[in-house]
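Quick notes on the structure that follows.
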Amino acid sequence: MTLSVNPLLVFYFTIVIISFLLACTPKKSPSHTSSFSIPYEITDSDAKYRLPGKLVEISGLSCIDDSTIACVEDEEGYVYIFDVIKGKVDQRVHFGKDGDYEGVEFIDGDMYVLRSSGKLYEIQAFRADSQITVKHRTLLAKANNPEGLAYDHIHHRLLVASKGRLNDEKSIKNLNTIYAFDLETKKLLAEPVFSFSVDDIYTFLGRSDLQQVHDRATNFLLPGSIGILGFHPSGIAVHPLSGDIYMVTSKGNLLIILDHEGEIIYIRDLPEELFTKPEGITFLPNGDMLISNEGLDGIANIRRFNYIKQIE
């Protein structure tokens, strides 16, 4: 007796079996395609500087020379000069009325201070006995949340970290942008030089070694979480040796690094035992990294991470 087999039935069962086997096959973990290796040991700082009460709400840092850095805080129009060798504030310079100041940068003898309204203060001949302060209005507004200021020594321009594109309310919610302020024309360029979205962060994490991203950072980046909706850099700096762009964010305690073309090359969380609320970042000429913490416990500080030279 010859049995008749329905070819369609055979095909159907074959598909079912193949689907079952594929579902049971362990999935490979995502490969780490970025070759970037951060030249710092983030889990422990090499030095910690305690700041005075006037800097409890420190919001920005900038390197002046091998041993001194500039600091600004949220409320008063002063620039503080901190000596990392002495471990204390040596000087403070008044430049403007009280306000919400978010970033500071020292360039060729002049000091620039960023206000949350998008206005830039240029303090000319900063180290002289007397200074002249010039105000520059930019296209950025408070809604863009300009909160980080950095000097891009490669292109001789200032970088301003902000949210969204100019005059685009929808983009403010999910797009982080970096605008450039031309130091020759003293004008902000109308188009961002770099931008990255939440999706770009997800894409990077999907192709990276997730062991580098601790549970807290992973949870912070979950779709729809409050943290990711509020994600925005609180400090930005350009590495003096590599030209990479380093950003810290006080919401989620994250460190994000872009290369000089604006591509994300590194993300990790900053340990809570070292970083209470990271607000500012800068580098000494030798590459040492300094990150400031606002004083949630009443005492602000700056942590120093020595540069580890990469072995070729």
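Bear in mind these aren't lab numbers, they're just calculated from the coordinates by the rules spelled out. Model, not experiment: these values are computed from the prediction. Because the Cβ atoms are built from the backbone with ideal geometry, glycine has one as well, and the counts that use them run over all protein chains shown.
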Whichever aspartates and glutamates have a C-alpha closer than 17 Å to that of Lys186, once near sequence neighbours (fewer than 8 apart) are set aside: Glu105, Asp108, Asp110, Glu122, Asp152
Obtain the nm distance between the two label points defined at Leu296 and His155 by a simple spin-label model: each point lies 7 Å from its Cα along the Cα-to-C-beta direction. 3.4
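For the pairs Lys86/Lys251; Lys86/Lys135; Lys173/Lys309; Lys54/Lys142; Lys163/Lys187; Lys54/Lys187, flag any whose C-alpha to C-alpha distance is greater than 29 Å. Don't skip to the answer; put the middle values down first.
Details: Lys86/Lys251 31 Å; Lys86/Lys135 33 Å; Lys173/Lys309 38 Å; Lys54/Lys142 25 Å; Lys163/Lys187 19 Å; Lys54/Lys187 32 Å.
Listed pairs above 29 Å: Lys86/Lys251; Lys86/Lys135; Lys173/Lys309; Lys54/Lys187.
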Note down the relative contact order for region 150-196 as a percent, whole number, built from C-alpha pairs under 8 angstrom at least six residues apart. 31
Chain lengthening between Val89 and Lys173 when straightened (0.36 nm per residue, less Cα-Cα): 26.5 nm
Ranked output for segments 259-266, 52-59 by mean other Cβ atoms within 10 Å, highest leading, reads 52-59, 259-266
Bin width 5 Å, alpha-carbon pairs only: give the P(r) of region 84-143 as whole percents, running from 0 to the bin holding the largest distance. 4, 16, 26, 23, 17, 9, 4, 1
In nm, spacing of pseudo-spin labels at Arg127 and Ser242 (7 Å Cα→C-beta vector): 2.9
Global size of region 46-305 as Cα Rg and Dmax, reported in angstrom: 17.2, 54
If contacts are Cα pairs under 8 angstrom and at least 6 residues apart, what is the relative contact order of region 46-305 in percent? 18
Theoretical FRET efficiency, 1/(1+(r/R0)^6), r = Cβ-Cβ of His136 and Glu273, R0 45 Å, to 0.05: 0.70
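If the chain between Asp65 and Glu191 were fully stretched, how many nm would it gain, using 0.36 nm times the residue separation less the Cα-Cα distance?
On the way: separation 126, 0.36 × 126 = 45.36 nm, distance 3.17 nm.
Stretched fully, the Asp65-Glu191 segment lengthens by 42.2 nm.
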